[in-house]
Amino acid sequence: MLVNWSAPQHVYIVCGKTDLWKGIDGLAMVIAENYGLELDNDSLFLFCGNRNDRFKGLYWDRV
C-alpha cells in the first residue's frame, strides 16, 4: 500500500521494541491497550523491531 504522507493528521512512533511478527489485530491491540488511542482517528502508527533499519506502519485509510 502506498501512503499519501500528507494525508495523516498525526504520526506516532511507538517507542521500544515491538514484535513485528504481530499482525494488524495484534498491533491494534498494542495501540488500544497501551496508549488508549483509536485506529480510525486519521493517524499513522510506526513500530520498530529489534533492528533499527526496519519499521512496520499501521494506517487506517477509511476506503
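The values are calculated or read from the model by the stated rules, or taken from the named source; none is laboratory data. Computed from a prediction, not measured in an experiment: that's the story for all the values here. Don't worry about glycine lacking a Cβ; one is built from the backbone with ideal geometry, like all the others, and counts go over all protein chains shown. Note: areas computed on protein heavy atoms with side chains; ligands, DNA, RNA excluded. Shrake-Rupley method; radii C 1.70, N 1.55, O 1.52, S 1.80 Å.
Please go through the stretch 6-15 and give me each residue that is hydroxyl-bearing (S, T, Y) and surrounded by 10 or more Cβ atoms within 10 Å (Cβ to Cβ), ordered by number. Spell out how you get there, then give the answer.
Pass one, the stretch 6-15, residues hydroxyl-bearing (S, T, Y): 6, 12.
Correct list: Y12 only.
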Can you tell me how many residues within the stretch 16-63 are open to solvent by 80 Å² or more (accessible area, probe 1.4 Å), part of a loop (DSSP other than H, G, I, E, B) and without any contact (Cβ under 8 Å) to a residue 12 or more places away in the chain? 6
